[in-house]
Amino acid sequence: MKKLVLAAFIFASTISSNVSADIKMGVILGFTGPIESLTPAMAASAELAFKEASDSGSLLGGQKISVERADSTCVDSAAATAAAEGLVSGGVVAIMGADCSGVTGAIATNVAVPNGVVMISPSATSPGLTDLNDNGYFFRTAPSDARGGQILADITKDRKVKSLAVTHTNNDYGKGLADVYVAAVKAHGINVTVVTAHEEGKGDYGAEVATLAAAGGDALAVLGYLDQAGGSIIQGSLDSGAFDVFVLSDGMIGDSLTDRFGKDLNKSFGSLPGSTGKGAGKFAEVAKAAGIDSSGPYTGESYDAAALIVLAMQAGGKADRATVQANVMDVANAPGKKIYPGELKKALDLLAKGKAIDYEGATAVQFTDVGEAAGAFLEKEIKGGKFKTKKQR
């Protein structure tokens, strides 16, 4: 009888060990805060890549991934740091995220880098992150605003805007983008009537709108977040008649904006990182099959960030933090077999055989020597009350 009890205990312990042996991954995004309407699809896209690798049966001999989500808030660095500390102490191998630049820098500096945990952000675009002292643990599948601001300025010029007012969210993202964008539009000969910062989370933006209206311009550039201050400033501008053309940064592009304002924004435009290439089409197919709307900002970048993590583990043959860090650059860049969304099993099998891969992914991934995407951009315009892609830049 004792042998039977012992055998049963060993069997139960084995099951428990197998369950607890799942590879833990963290996903940290602003599930609350000024971009909360964007993050569900971003998280679902990352988790789609993790699931694809798990379901393949090819990840490190058939291992599975479990995902733990945490809330970055997008704007509260203390809360984001605490949330990330929870993920790290819980044993995550790597982190997909964070999203907004300020909280991403705080997490990297205070949590991820000191603990040797790779972070791959799908959407932190501040130029300041390029020179982050990260010891090789921070990557991003989104390109820097050093290029994004220039692209947005080029589009502004091509749209025949002669003068504009600029408002930006008062954080690393907003200030960094505004510096690049304002310099670039001035170089194009466009008159900038005023540049003002705004804070997130206020109840009223009447004073900000009044300042912008007094300065005037053909258009108002809103470099911020659609679900809080940015949307409120647009509302006030439309209500007062101060502006009816808006230049929109990537943080302002999402269905919640057009659902709110519809055809009132029909002359407005903007840009965000993205591609119209082969990988983008393949990602749209796999996302649709999984019930995910891939049309929103940074969904492809989120899938790619998660995919790079699992491929880096496979390349090194271990599910640990050091292995991810050591192999991310190799799987992201040439040489090797090009890999697209929906092809993670193929990639895992090649890596298991010692073959090289070049992960193209949804966004034509190509990392610079500091581990950030060179990136392409999509010119967006609002027609019929909906965001439409005009072309790739």
> How large is the helix-only mean residue ellipticity at 222 nm for the chain, computed as the sum of -39500 (n - 2.57) over DSSP H runs with n ≥ 4, divided by its residue count, in deg cm²/dmol to the nearest 500?
Replying inline: -13500 deg cm²/dmol
>> Quick check: net charge around L164, other residues with Cβ under 12 Å of its Cβ, Lys/Arg +1 and Asp/Glu -1?
In response: +4
> For the residues T73, T125, what sequence is obtained by ranking on other C-beta atoms within 10 Å, fewest first?
Replying inline: T73, T125
> Convex hull over the alpha-carbon atoms of the range 244-351: what's its volume per residue in Å³?
Replying inline: 132 Å³
> Which lysines have a Cα less than 17 Å from the Cα of K345, not counting those fewer than 8 places away in the same chain?
Replying inline: K51, K64, K282, K318, K337, K353, K355
>> Could you work out the pair-distance distribution P(r) of the chain from its alpha-carbon pairs, with 20 angstrom bin width and percents rounded to whole numbers?
In response: 29, 53, 16, 2, 0
> For the range 179-267, what number results from the quotient of the Cα radius of gyration and 2.2 N^0.38 Å?
Replying inline: 1.03
> For the range 175-229, rounded, prolate or oblate, judged on the Cα gyration tensor with a ≥ b ≥ c (square roots of eigenvalues), a/c < 1.5 rounded, else prolate if a/b > b/c?
Replying inline: oblate
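Over the range 317-393, what is the percentage of antiparallel beta bridges among all DSSP beta bridges, to the nearest 5?
If we restrict to bridges inside the range 317-393, about 70 percent are antiparallel.
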> Cα gyration tensor of the range 142-191, axes a ≥ b ≥ c as square roots of the eigenvalues: rounded (a/c below 1.5), prolate (a/b > b/c) or oblate?
Replying inline: oblate
>> A 18 angstrom limit on the alpha carbon distance is what I want to check against. Which of K278/K383; K267/K383; K157/K267; K202/K380; K162/K390; K157/K186 exceed it?
In response: K278/K383; K202/K380; K162/K390
>> How large are Rg and Dmax for the range 38-146 when calculated on the C-alpha trace, in angstrom?
In response: 13.9, 42
> So for the chain: antiparallel DSSP bridges make up what percent, rounded to the nearest 5?
Replying inline: 25 percent
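Can you tell me the dipole magnitude for the chain around its Cα centre, using point charges on the Cβ only (Lys, Arg +1; Asp, Glu -1), in Debye to the nearest 20?
1240 debye
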>> What do you get for trypsin sites (Lys or Arg not before Pro) in the range 142-230 restricted to DSSP loop and a cutoff of at most 13 other Cβ within 10 Å of the site's Cβ?
In response: K160, K162, K202
> Once you sort the root eigenvalues of the Cα gyration tensor of the range 108-217 as a ≥ b ≥ c, which label holds: rounded (a/c under 1.5), prolate (a/b larger than b/c) or oblate (the other case)?
Replying inline: oblate
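Throughout, read-outs are computed from the coordinates displayed, never taken from laboratory work. The model shown is predicted, which means the values in this text are computed figures rather than measured ones. Positions of Cβ are backbone-derived with ideal geometry, glycine not excepted, and every protein chain shown enters the neighbour counts.
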